[in-house]
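Step one of this worksheet: look at the structure below.
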């Protein structure tokens, strides 16, 4: 009987110790989601968005490294736009003001930072960028990040920050090599924007479509002739400050 009582006493003591163990005593960290990321730059190309779209959301996912907790954990960020950077973005002009305080909810392993980006005319001439950088806390440290060796001295942690880079890049369509020069002349981003705006052509269809299904050769020739007449009535300068012209097949 004495042995049985002693064993029961050990079991009770063991259970009591188990209850006192903090399952979340191990270190935890935060980092930006690495999916589809090569370095630390998120490129937002407005060029494929139709001209009437002036604002879009960018969601940056923040992930947990370690165990979830049964309570909310707070962290904050820095928004950095270097005054010496000629491409620096300006709050209220290139993006709407957004919070720098966030919460990783209880029992969750991720949260998001939502940023509203704004489209400005300057993007047709030069890009804009700013950086969102996580800040460590005692509960959420920097325990994980890919590294990039910039030079023999400097190592950059890639996943504690995201560089948001915005431009109006509008890629030359693949079909341009077959038909573009003769119908539309020299390629330029601004010329493609004007054509899509005047003709009501979706930019993604223009840039990514193909002659077999999305844009027929006959239709593009019609567009070229229409735009030639339109430019006679509405002279428009290209990026090089010279008047836009359609190709020789559209001017005949």
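Assorted remarks:
- Within region 155-193, considering residues that are without any contact (Cβ under 8 Å) to a residue 12 or more places away in the chain and in a helix (DSSP H, G or I), the one farthest from residue 220 (Cα to Cα): 177
- Which listed residue, of 22, 40, is modelled with pLDDT under 90 and more than 20 Å from residue 93 (Cβ to Cβ): 22
- Filter result (surrounded by fewer than 17 Cβ atoms within 10 Å (Cβ to Cβ) and more than 17 Å from the chain's Cα centre (by Cα)) within region 42-67: 50, 51, 52, 67
- Residue within region 143-150 that is under 21 Å from the mean Cα position of the chain (by Cα), assigned to a loop (DSSP other than H, G, I, E, B), closer than 21 Å to residue 52 by Cβ and in contact (Cβ under 8 Å) with a residue 60 or more places away in the chain present: no
- Any hit, region 194-214, residues being surrounded by fewer than 16 Cβ atoms within 10 Å (Cβ to Cβ), without any contact (Cβ under 8 Å) to a residue 12 or more places away in the chain and part of a helix (DSSP H, G or I): yes
- So residue 161, is it modelled with pLDDT of 95 or more and outside the structural domain of residue 226 (by TED's automatic domain parsing): yes
- Of the residues making up region 215-236, just one is in a loop (DSSP other than H, G, I, E, B) and over 17 Å from residue 194 (Cβ atoms), namely 216.
- Enumerated strands (runs of 3 or more DSSP E) restricted to region 84-142, each holding at least 2 residues that are under 16 Å from residue 41 (Cβ atoms): 110-118, 128-135
The values are calculated or read from the model by the stated rules, or taken from the named source; none is laboratory data. Bear in mind the structure is a predicted one, so any value in this text is a computation, not a measurement. Glycine also receives a Cβ, built like all others from the backbone with ideal geometry; neighbour counts cover every protein chain displayed.
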